[in-house]
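Read through the structure below, which is laid out as structure tokens, and then see the notes.
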Amino acid sequence: MSGFALPLVRFSVSQHRTIIGHCYSELPNEACGLLLGPAVGGDDLHDGEPTGAIADVVTTRNEAASARLYAIHGQDYGTARKAARESGNRIVGCFHSHTHTDAYPSPTDVEAAIHNPNWLYAIVSLRAETPMLHVFRMQSGNIAECQVVLEAR
Ligand SMILES: [Zn+2]
């Protein structure tokens with residue numbers, strides 16, 4: 001038994017590269033995007049429970065255009081939701097960057113997670129020279145980290 005929460009989150013190497021690249025390209029602002037993949041038990045109104053497989057990464061505009069906040073652009077969200085449906089996937093989470101802090105949820109992140117309790121929350125820290133990506137579940141104010149693996153697919 002490890003100290004990680006379920007599920008095991010599986011990105012491809014190129015999805016990981018897409019996320020990190022988008023985070024750098026949006027500097028000095030925070031970057032954000034959505035994670036698409038299979039989920040169990042979801043319907044049109046409620047996202048299901050992610051299996052951990054990430055089928056696609058969608059970069060989105062940060063509607064907040066801020067170095068301290070992110071808000072996934074509404075139009076980009078709609079486009080991603082449609083793409084997810086068409087590929088038999090769901091939106092299973094999102095990612096955003098922390099430009100000067102660690103890859104750990106801020107109080108604002110925990111509060112925002114109330115709206116999507118089943119989501120996987122990937123946070124990328126650009127604080128150090130090497131970017132760090134960590135994935136969290138945030139449910140009822142609790143923060144738990146998921147293990148991340150990169151697959152050569
Ligand atoms: Zn944050």
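The values are calculated or read from the model by the stated rules, or taken from the named source; none is laboratory data. Everything quoted here is computed from the prediction, not taken from an experiment. No Cβ is skipped: glycine too gets one built from the backbone with ideal geometry, and neighbour counts run over all protein chains shown. SASA here: full protein model, heavy atoms, side chains in, ligands and nucleic acids out. Shrake-Rupley method; radii C 1.70, N 1.55, O 1.52, S 1.80 Å.
List of remarks:
- Segment 1-41 - Rg and Dmax from Cα coordinates, angstrom: 13.6, 39
- Tyr70 accessible area, 1.4 Å probe, all protein chains in place, Å² to nearest 10: 50 Å²
- Chain lengthening between Leu8 and Gln75 when straightened (0.36 nm per residue, less Cα-Cα): 21.2 nm
- Pairs of Cα atoms nearer than 8 Å and 6+ residues apart set the relative contact order; for the chain it is 28 percent.
- Rounded to the nearest 10 Å², the accessible area of Arg85 at probe 1.4 Å: 140 Å²
- Under 5 Å between amide hydrogens, built in the peptide plane, is the criterion, and for Ala53 it picks out Arg10 among residues at least 5 positions away or on other chains.
- Bridge type composition, the chain - antiparallel percent by DSSP, nearest 5: 65 percent
- Where the chain is the region considered: accessible area per residue in Å², 1.4 Å probe: 53 Å²
- Most mobile of Asn62, Asn116, Asn142 in a GNM of the chain (Cα contacts under 10 Å): Asn142
- 12 Å tail of the calculated P(r), segment 75-125, as % of Cα pairs: 69 percent
- Stretched out straight at 0.36 nm per residue, the stretch from Arg68 to Asp102 would grow longer than its current Cα-Cα span by 11.0 nm.
- Span from the segment 14-31 Cα centroid across to the segment 119-133 one, whole angstrom: 10 Å
- Computed with the Debye formula from one identical point scatterer per Cα of the chain, without solvent, the log10 of I(q)/I(0) at q = 0.09, 0.13, 0.17 Å⁻¹ comes to -0.24, -0.53, -0.95.
- Of the accessible area of segment 8-135, computed with a 1.4 Å probe over protein heavy atoms only, carbon and sulfur atoms account for 54 percent.
- In Å², nearest 10: area of His73 left accessible to a 1.4 Å probe: 40 Å²
- Placed amide H near Ala5: partners under 5 Å, 5+ positions off or other chain: Glu145, Cys146, Gln147
- FRET efficiency, 1/(1 + (r/R0)^6) with R0 30 Å, evaluated for Asp43 and Arg17 via beta carbons: 0.35
- Local net charge near Glu63, Cβ-Cβ under 14 Å (Lys/Arg +1, Asp/Glu -1): -1
- Under the Karplus curve 6.51 cos²θ - 1.76 cosθ + 1.60, θ = phi - 60°, whole-Hz ³J(HN,Hα) for segment 79-92, x wherever Gly or Pro sits: 5, 5, 5, 5, 4, 4, 4, 5, 9, x, 10, 9, 6, 10
- Annotation: amide H of Glu151 within the under-5 Å range of Phe11, Ser12, Val13, sequence separation 5 or more or interchain, hydrogens built in the peptide plane.
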